[in-house]
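The values are calculated or read from the model by the stated rules, or taken from the named source; none is laboratory data. Quick caveat: nothing in here was measured; it's all calculated off a predicted structure. Please note: Cβ atoms are built from the backbone with ideal geometry, for glycine as well, and neighbour counts cover all protein chains shown.
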Amino acid sequence: MKANYGYLDGSGEFFITIDTDLCIECKERSCVAACPVGLFEIIVDDYDDEVAAIKEEHRKKTQVRLRSLQAGHRSSGSALCCSVCTRSRGSFLVVRQ
Amino acid sequence: MTETTQEFWRWKESNWHDESIDPKAAETVSAGVDVGSVSSQAVVMADGKLYAYASMRTGSDSPDSARNAMNWALENTGLNLEDIHYTVGTGYGRVNVPFADRTITEIACHARGGNMMYGPSVRTILDMGGQDCKAIHCDEKGKVTNFLMNDKCAAGTGRGMEVFADLLAVSVEDVGELSLDVDEEPPPVSSTCVVFAKSEASSLLREGWSKKRVLAAYCSAMAHRVVSLLERIGVEKDFAITGGIAKNAGVVTRLEKELKLESLKSNYDTQIAGALGAALFARALVEKQRKKVAR
């Protein structure tokens, strides 16, 4: 499942997309520890799968959080969470603005 | 001097039950309660068939709203809460449904409910709720494959429409049809903020625009707003709309025009989609429990 977290308001559209299908078989959950701003948590979704999600307190602040994610992309080619994802490098999370 | 105040935003609350079904003969009686920010619905199913529902305005207390909706759905059915085998709570106030056995997000429930209401061919569901808007992509079983929710801003929501109904002193249930009764489609008002749109509409009225023309401009803005959300997840046929705004022909017609796609129609009340999905989840969960016990 593609889970889009974020919002659309007068200042623009700020969404972070997580491909949670990649989380189902994942044992490491490295993305949670790797994120320098503590964006992620592991939740049990509606279909009883353990998947990564953006924490509730960050969901309406994605405009600010996107800046740090984009800074990570610029400096190392991908955000830290994506670079440590063992299931699929880079495609675990997509930032759109 | 007497002053009369009319609540133009108030929509019709309703309850219904199918007299041809005997729920006491059913193996499984499941229920779903959707406590939204503006409206609450309760749905009761007998062996997977829609038996009863109620749709009413959410009050200031979520547990009371859940109880009131369920009591109204059960009114004159001969059933009471103890006869229901499993209840799923959903919606904004789902954690405050005191008699729920489990909670499930409204995103998953709308997909499941939409699948029953519109059939397994539905792939894209737009839920235009009271204070949020959800674009959902699902598979043939009604399982969510992609979703996006916008709940930071009232633009593109039912509450925005209620604000306009009050401003123009037009019943919210008549807004859609009136907005279509214009000779020429006016340019949309601001689609980014209800407060801006409201002040823009006041200026247009002062300039001499008719109420119908202002309503057309607002319905057009709302349609434009949700199209940009839908485009984020990609619109795939078949496409359906749930929630209260699905009853507003002015928004639906303009949305279909912008998407160049006709939405599916259903005989079900579009506002019960979330509660219906919750009741379907409840049935599946109680049957899973029974299988576990039988093993």
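What to note about this one:
- There is no residue in segment B:98-121 that is surrounded by fewer than 23 Cβ atoms within 10 Å (Cβ to Cβ) and over 27 Å from B:Lys49 (Cβ atoms).
- Flag for B:Lys198 being under 30 Å from B:Ala100 (Cα atoms) and in a helix (DSSP H, G or I): no
- Residue in segment B:264-283 that is over 30 Å from B:Leu81 (Cα atoms) and either away from chain A (no Cβ under 13 Å) or of a type outside the set (A, V, I, L, M, F, W, C) (or both) present: yes
- Residue tally, condition facing chain B (nearest Cβ under 9 Å) and either out of contact with any strand residue (DSSP E or B) (no Cβ under 8 Å at 6 or more places or on another chain) or in contact (Cβ under 8 Å) with a residue 40 or more places away in the chain (or both), over segment A:22-46: 1
Condition check ((1) among the polar types (S, T, N, Q); (2) under 20 Å from A:Gly10 (Cα atoms)) across all residues:
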residue: B:Glu173; (1), (2): no, no
residue: B:Leu180; (1), (2): no, no
residue: B:Asp183; (1), (2): no, no
residue: B:Ser190; (1), (2): yes, yes
residue: B:Phe196; (1), (2): no, yes
residue: B:Val214; (1), (2): no, no
residue: B:Tyr218; (1), (2): no, yes
residue: B:Lys237; (1), (2): no, no
residue: B:Asn248; (1), (2): yes, no
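- The set of residues in segment B:96-108 being part of a helix (DSSP H, G or I) and either under 12 Å from B:Ala278 (Cβ atoms) or within 12 Å of chain A (Cβ to nearest Cβ) (or both) consists of B:Glu106, B:Ile107, B:Ala108.
- Only one of the listed residues (B:Leu204, B:Leu167, B:Leu178) is at pLDDT 95 or above, part of a helix (DSSP H, G or I) and not aromatic (Phe, Trp, Tyr). That residue is B:Leu178.
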